[in-house]
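The values are calculated or read from the model by the stated rules, or taken from the named source; none is laboratory data. Only a predicted model underlies this, so the values are computations on that prediction, with no experimental measurement involved. Heads up, the Cβs are rebuilt from the backbone with ideal geometry, glycines too, and the neighbour counts pull from every protein chain shown. Ligands, DNA and RNA are stripped out before the accessible areas are found, and what is left, the full protein with its side chains, is counted by its heavy atoms. Shrake-Rupley method; radii C 1.70, N 1.55, O 1.52, S 1.80 Å.
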Amino acid sequence: MKITVIGTGYVGLVSGVCFAEFGFDVICVDNNASKILDLQKGNVPICEPGLDKLILKNAQAKRLAFTTNIEKSVEDADIIFIAVGTPSKSDGSADLSYVYQSIDEVAPFMNKDAVLVIKSTVPVGTTRSIRKCLLDKGVVVDVAFNPEFLREGVAIEDFMHPDRVILGVESDKAKRILSQVYRPLYVFNTPIMFTSLETAELSKYASNAFLAMKIAFINEIADLCESCDADVNEVATAMGLDKRIGDQFLQAGPGYGGSCFPKDTSALKDFADKLGVNLSLVNETIKSNNSRRIKMVEKILAACNNDVKGKNISVLGVTFKANTDDMRDSPSIHIINDLLQRGANIKIYDPSFSNQAMQIFSGIEFSNNAYDNCNEADVVIILTDWSEFRALSLRELNKRVKNPLLVDLRNIYSLTEVNASGFNYCSVGRIFKKLKFTEGTITS
Ligand code: UDX
């Protein structure tokens, strides 16, 4: 089986490499020549744990190649995956220009027996439109839609052990070939679901919108917890014990970011609006998440007696989530820019040493480690849930800071451990009562 993947972004590159790991011959194509050159040298352009080793292994096994040459890469391919970006347009709709551009480039060279699979997240009906567009060019080809459910930072795990594979197909041939492609997952009894093109397309958007809504929900419950002295982490645990709710995606924080949830919720809203269908819950999720960043600034200001002018602020973590260098739509961008406008002195430490972050926050000092970043700080703010922050010695941090104030927007620390550290502590959905220790007993 020869597979070609068009697009070497987060989805295309991980998918192509994992297909090669399945044992197929894979060619990954991109029009970015410098990115392809880097990949040919084994340099991985994205921060995805384990990807570099898999690329090296499969390239050495001659199952994986990278090229800019579309013609050579598709002429004898059995299956072609389109995995290019579908970013948001200014009106929130999905920009499909890269998808149609790659279709135009592939169409003249596809062999007639190949199956064309859209993996990019596209509005419902797009795959069928692509098939018609190809027919109009005289290219008769089987098309399918196969959404990805890869989380950045754990994308290889999510590809190799998915909860399910969704395949929108229109022909037995497409069904047969895609069954072959995902056969290696049969060993894990992974549910492989065949459905219509439209159902597969909508399932992707509905899944992401629901996960985004779940996060927005627990964030609003966190706000309520702060008003009634409940603990949102414990509420989330209590909820998650109900199998119908599930314990994932109930971690309160500064709101979701990344390249998918914001884009996909907006695209779904736009799609439904155009059909005259009111997705009020998706609309409210978008509004709730957008306003959360503003709320987080208010929380920080409140912790700093409503004045950060001239204050030394140590920010720990700026990427949209841990284990990635991706800054797309990260809550930190709004939060830090707002604090800068209010006259704060910001210093940043992020374990990814993200180039994107250094470009976005050019002119701001970046530290090499969390401790140095906290020297002389008036307040320490945690914006990303990197594991290494959980291992920090709060006592050591306390020696570095000018003022022992910690604003933890990811609830990384337990209230007990913070109490022993001497920090004044502010987090999300939990009220911190600085306890006085007298003669071995605790008095609130
Ligand atoms: C998401 C979907 O999970 C994935 O299935 C889809 O294919 C692509 O989009 P990703 O955006 O990479 O993946 O990361 P994810 O782990 O879903 O986190 C998204 C955002 O939600 C991050 O900003 C994260 O910090 C936030 N989040 C996640 C929470 O605030 N709380 C949670 O409990 C989980």
Please give the per residue accessible area of the range 2-195, computed with a probe of 1.4 Å over protein heavy atoms only, in Å². 43 Å²
For the range 155-168, 3J(HN,Hα) per residue [Karplus equation, 6.51 cos²θ - 1.76 cosθ + 1.60, θ = phi - 60°, Hz, x = Gly/Pro]: 5, 5, 4, 5, 6, 6, 9, x, 5, 6, 10, 9, 10, x
Starting from the Cα of K347, draw a straight line to each of the lysines and keep only those under 25 Å, dropping any in the same chain fewer than 8 residues away. K295, K299, K309, K311, K321, K399, K402
Specify the inter-centroid distance of the range 190-223 and the range 96-120, based on alpha-carbon positions, in whole Å. 26 Å
Value of D in µm² per second that Stokes-Einstein yields for the range 2-195, Kirkwood Rh from Cα pairs, at 10 °C (1.306 mPa s): 95 µm²/s
Can you give the FRET efficiency to the nearest 0.05 for D242 and V139, using r as the Cβ-Cβ distance and R₀ = 45 Å? 0.35
Can you find, among S259, I335, V26, the residue sitting farthest towards the positive end of the charge dipole of the chain, where Lys and Arg contribute +1 and Asp and Glu -1 at Cβ? I335
Arrange the residues F188, F261, F366 by how much accessible surface each exposes, largest first, with a 1.4 angstrom probe. F188, F366, F261
Ignoring ligands and nucleic acids, F22 exposes an accessible area, probe 1.4 Å, in Å² to the nearest 10, of 40 Å²
If you fit an axis through the alpha-carbon atoms of helix 331-341 and take the longest principal axis of the Cα set of the chain, what angle between them do you get, 0 to 90°, nearest 10? 50 degrees
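Would you work out what percent of the accessible area of the range 155-306, with all protein chains in place, is carbon or sulfur (probe 1.4 Å)?
Details: 4290 of 7460 Å².
Solvent-exposed carbon and sulfur of the range 155-306 make up 57 percent of the total.
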Using only the heavy atoms of the protein chains and a 1.4 Å probe, how would L39, L340 rank by accessible area, largest first? L340, L39
Can you find, among N69, A344, L39, the residue sitting farthest towards the positive end of the charge dipole of the chain, where Lys and Arg contribute +1 and Asp and Glu -1 at Cβ? A344
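First select every other residue whose beta carbon is under 12 angstrom from the beta carbon of Y182; then total the charges, Lys and Arg +1, Asp and Glu -1.
On the way: positive: R164, K175, R176, R183; negative: none.
Within the 12 Å Cβ shell, the charges total +4.
Need the full-extension length gain, R183 to N278, defined as separation in residues times 0.36 nm minus the C-alpha distance. One decimal, nm. Show your work: numbers first, answer last.
Details: separation 95, 0.36 × 95 = 34.20 nm, distance 3.91 nm.
Stretched out fully, the R183 to N278 stretch lengthens by 30.3 nm.
May I ask for the net charge around N283, where only other residues with Cβ less than 12 Å from the Cβ of N283 are counted and Lys, Arg are +1 while Asp, Glu are -1?
Working: positive: K269, K287; negative: D270, D273, E284.
With Lys, Arg at +1 and Asp, Glu at -1, the net is -1.
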Ignoring ligands, DNA and RNA, how do R183, R151 rank by accessible area with a 1.4 Å probe, largest first? R183, R151
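Subtract the Cα-Cα distance of A391 and Y371 from 0.36 nm times their separation in residues, and report this length gain in nm to one decimal.
Numbers: separation 20, 0.36 × 20 = 7.20 nm, distance 1.17 nm.
Contour length minus the Cα-Cα distance gives 6.0 nm.
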P(r) tail for the range 175-306, what percent of Cα pairs lie past 23 Å? 50 percent
Would you please give the residues with an amide H less than 5 Å from that of K402, counting only those at least 5 places away or on a separate chain, with H modeled from the backbone geometry? E376, A377, D378
Looking at the range 2-195, what % of its DSSP beta bridges pair antiparallel, to the nearest 5? 10 percent
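With N set to the residue count of the chain, report its C-alpha Rg divided by 2.2 N^0.38 Å to two decimal places. Don't jump to the answer; show the numbers that get you there.
On the way: Rg = 24.1 Å, N = 444, 2.2 N^0.38 = 22.3 Å.
Compactness ratio reported: 1.08.
For an R0 of 22 angstrom, estimate the FRET efficiency from the Cβ-Cβ distance between K72 and Q40 and round to the nearest 0.05.
On the way: r = 14 Å, r/R0 = 0.65.
E between K72 and Q40, to the nearest 0.05, is 0.95.
Run the helix sum for the chain: -39,500 (n - 2.57) per DSSP H stretch of 4+ residues, divided by residue count, reported at 222 nm to the nearest 500 deg cm²/dmol.
Dividing the helical sum by the residues of the chain leaves -12500 deg cm²/dmol.
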For K204, which lysines qualify as cross-link partners when the Cα separation must be under 20 Å and same-chain residues fewer than eight apart are set aside? K89, K119, K175, K214, K263, K269, K274
Helix 126-136 sits off the longest principal axis of the Cα atoms of the chain, rounded to the nearest 10 on a 0 to 90 degree scale, by 30 degrees
If we sort 26-33, 221-228 on the protection proxy, mean other Cβ atoms within 10 Å, highest first, what's the order? 26-33, 221-228
Taking a probe of 1.4 angstrom, what is the accessible area of S34 in Å², to the nearest 10? 80 Å²
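Starting from the Kirkwood Rh over alpha-carbon pairs, what translational D in µm² s⁻¹ does the range 295-443 have by Stokes-Einstein at 25 °C and 0.890 mPa s? Numbers along the way, then the final one.
Numbers: Rh = 15.5 Å.
Translational diffusion coefficient: 159 µm²/s.
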If one takes the longest principal axis of the Cα atoms in the chain, at what angle in degrees, from 0 to 90 and to the nearest 10, does the Cα axis of helix 10-21 lie? 60 degrees
Tell me, in nm to one decimal, what length is gained between R176 and N337 on full extension, where the rule is 0.36 nm per residue of separation less the Cα-Cα distance? 52.8 nm
